[in-house]
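Have a look at the structure below, then the notes.
The values are calculated or read from the model by the stated rules, or taken from the named source; none is laboratory data. Since the structure is predicted, the reported quantities are computational estimates derived from the model, not experimental observations. Methodologically, a virtual Cβ is constructed for each residue, glycine included, from the backbone with ideal geometry; neighbour enumeration extends over all protein chains shown.
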Amino acid sequence: MKKEEQGCWTTDPRSSLKKDLAINIELPRPTTVGEVEEHNQAVRRQSADRACYRRLCSRCGERGRFAPHELRRRGLRLLVEHTVLCVTIWLARWQCRKCRYIFTDYPSFRTAL
């Protein structure tokens, strides 16, 4: 059988790929104990001084009109060098002043589960 008759099945589809491609996977920057302490101080402030990370209400879309609702304490494990540290993190709960929706506000280093 001639090459022209064999069609596209004769060439290996992987052969056209570049061999020097590298996959770049960036791992998230590890959270430090200092970041957690700074967050806890910012969240435990009273009333309007409390830190809020969210800009829009996820229900009504209102921009930043949130009233402090409560604080929740949660455990967080941090990897520091070759040690696992168990620390306490405070999570603020807010209420939208327009639609009364209550939500938990998470810092950038802590994802919602």
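Points to keep in mind about this one:
- Total residues in the range 80-113, condition in a loop (DSSP other than H, G, I, E, B) and either of a type outside the set (D, E, K, R) or touching a His at 6+ places or on another chain (Cβ under 7 Å) (or both): 10
- The number of residues in the range 71-104 being over 24 Å from GLU35 (Cα atoms) and of a type outside the set (Ser, Thr, Tyr) comes to 7.
- The residues of the range 88-100 that are in contact with a strand residue (DSSP E or B) (Cβ under 7 Å, 6 or more places away or on another chain) and loosely packed, with under 15 Cβ neighbours inside 10 Å, listed by number, are THR88, ARG93, ARG97.
- SER58 falls short of the stated requirement of being of a type in the set (Gly, Ala, Ser), loosely packed, with under 12 Cβ neighbours inside 10 Å and modelled with pLDDT under 85.
- In the set (1) farther than 17 Å from THR32 by Cβ; (2) touching a residue at least 40 places away in the same chain (Cβ under 8 Å), the condition left unmet by PRO107 is number (1).
- Considering residues of the range 28-79 that are of a type in the set (Asp, Glu) and not in a loop (DSSP other than H, G, I, E, B) only, the residue farthest from the chain's Cα centre (by Cα): ASP49
- Filter result for PRO68 (in contact with a helix residue (DSSP H, G or I) (Cβ under 9 Å, 6 or more places away or on another chain) and either polar (S, T, N, Q) or more than 19 Å from VAL33 (Cα to Cα) (or both)): yes
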